[in-house]
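J.: Supplied in structure tokens, the structure appears directly below.
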């Protein structure tokens, strides 16, 4: 090192350097556990527990609970990462200028979002009756689905309770799950079925 060149490491107090190192390791470990939870669910385990997540993350069960006191807090962190991933899809401006075109775009958009969320929503659905957080998250999701439809559909559709309920049903996540899991349709056929249902219900 030449004269006059500061040694940056000397500017950081030893205690602070140690604390920062521990914080970085803790953040990496936490992210590793969330990624493991993600992988376990995507791998087909719809009811993951701390031991399965710990094994996938390559850490001890104690480490999992040091970062997440209970499974709900882990689901909360996982939901945050998924919401950040799908937010750009949700916020993409519509291309169509009329509500009919936007209704068709909603189908395309929801097909992409639902397919991405499918295993995680199914896993959360299985636990929501034992989890206040997951039940609240489910209700918020349904509310957002409804609000998105209210933002594009005209008053004559929204003022007809049966018609609006029908649109809400055929474009909801449960419909996507039924098409994909129960009817075993591939994503493109599930999207076509949802689009056809919307067009028939709205008379497009």
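J.: Being within 25 Å of residue 117 (Cβ to Cβ), at pLDDT below 85 and out of contact with any helix residue (DSSP H, G or I) (no Cβ under 7 Å at 6 or more places or on another chain) narrows it down to one residue among 70, 17, 55; which is it?
T.: Being within 25 Å of residue 117 (Cβ to Cβ), at pLDDT below 85 and out of contact with any helix residue (DSSP H, G or I) (no Cβ under 7 Å at 6 or more places or on another chain) holds for just one of 70, 17, 55, which is 70.
J.: So, of the residues in the range 91-107 that are without any contact (Cβ under 8 Å) to a residue 40 or more places away in the chain and either assigned to a helix (DSSP H, G or I) or in contact with a strand residue (DSSP E or B) (Cβ under 9 Å, 6 or more places away or on another chain) (or both), which turns out to be nearest to residue 188 (Cα to Cα)? Spell out how you get there, then give the answer.
T.: We begin by selecting, within the range 91-107, every residue without any contact (Cβ under 8 Å) to a residue 40 or more places away in the chain; these are 91-93, 95-98, 101, 105.
Add one more test, that the residue is either assigned to a helix (DSSP H, G or I) or in contact with a strand residue (DSSP E or B) (Cβ under 9 Å, 6 or more places away or on another chain) (or both), and what stays is 91, 101, 105.
On the way: 91: 22, 101: 19, 105: 14 Å.
Residue satisfying both the conditions and the ranking: 105.
J.: In the range 152-177, which residue that is assigned to a loop (DSSP other than H, G, I, E, B) and in contact (Cβ under 8 Å) with a residue 40 or more places away in the chain is surrounded by the fewest Cβ atoms within 10 Å (Cβ to Cβ)?
T.: Narrowing the range 152-177 to residues assigned to a loop (DSSP other than H, G, I, E, B): 152-154, 159-160, 171-172.
From the residues that got through so far, the ones that are in contact (Cβ under 8 Å) with a residue 40 or more places away in the chain too are 152-154, 171.
Details: 152: 17, 153: 21, 154: 11, 171: 24.
Within the range 152-177, the match that is surrounded by the fewest Cβ atoms within 10 Å (Cβ to Cβ) is 154.
J.: Determine, yes or no, whether residue 142 is touching a residue at least 24 places away in the same chain (Cβ under 8 Å), touching a helix residue (DSSP H, G or I) at 6+ places or on another chain (Cβ under 8 Å) and either surrounded by 13 or more Cβ atoms within 10 Å (Cβ to Cβ) or not assigned by TED's automatic domain parsing to the domain that holds residue 45 (or both).
T.: On the way: touching a residue at least 24 places away in the same chain (Cβ under 8 Å): yes; touching a helix residue (DSSP H, G or I) at 6+ places or on another chain (Cβ under 8 Å): no; either surrounded by 13 or more Cβ atoms within 10 Å (Cβ to Cβ) or not assigned by TED's automatic domain parsing to the domain that holds residue 45 (or both): yes.
Taking the combined requirement at face value, the residue does not satisfy it.
J.: Also, quick follow-up: Does residue 128 meet the test of being modelled with pLDDT under 95 and in a helix (DSSP H, G or I)? Walk me through it before giving the result.
T.: Working: modelled with pLDDT under 95: yes; in a helix (DSSP H, G or I): yes.
In short, yes.
J.: In the range 178-203, how many are assigned to a loop (DSSP other than H, G, I, E, B) and either farther than 18 Å from residue 159 by Cα or outside the structural domain of residue 123 (by TED's automatic domain parsing) (or both)?
T.: Keep residues of the range 178-203 that are assigned to a loop (DSSP other than H, G, I, E, B), which gives 183-186, 203.
From the residues that got through so far, the ones that are either farther than 18 Å from residue 159 by Cα or outside the structural domain of residue 123 (by TED's automatic domain parsing) (or both) too are 183-186.
Residues meeting the conditions: 4.
J.: Let me ask another. If you check residue 149 against the conditions, is it touching a residue at least 12 places away in the same chain (Cβ under 8 Å) and more than 12 Å from the chain's Cα centre (by Cα)? Lay out the reasoning, then the answer.
T.: Details: touching a residue at least 12 places away in the same chain (Cβ under 8 Å): yes; more than 12 Å from the chain's Cα centre (by Cα): yes.
So residue 149 fits the description; yes.
Residue-by-condition table, conditions (1) part of a helix (DSSP H, G or I); (2) surrounded by 14 or more Cβ atoms within 10 Å (Cβ to Cβ):
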residue: 25; (1), (2): yes, no
residue: 28; (1), (2): yes, no
residue: 35; (1), (2): yes, yes
residue: 38; (1), (2): yes, yes
residue: 45; (1), (2): no, yes
residue: 54; (1), (2): yes, yes
residue: 62; (1), (2): yes, no
residue: 72; (1), (2): yes, yes
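The values are calculated or read from the model by the stated rules, or taken from the named source; none is laboratory data. Quick caveat: nothing in here was measured; it's all calculated off a predicted structure. Note that we place each Cβ from the backbone using ideal geometry, even for glycine, and neighbour counts take in every protein chain shown.
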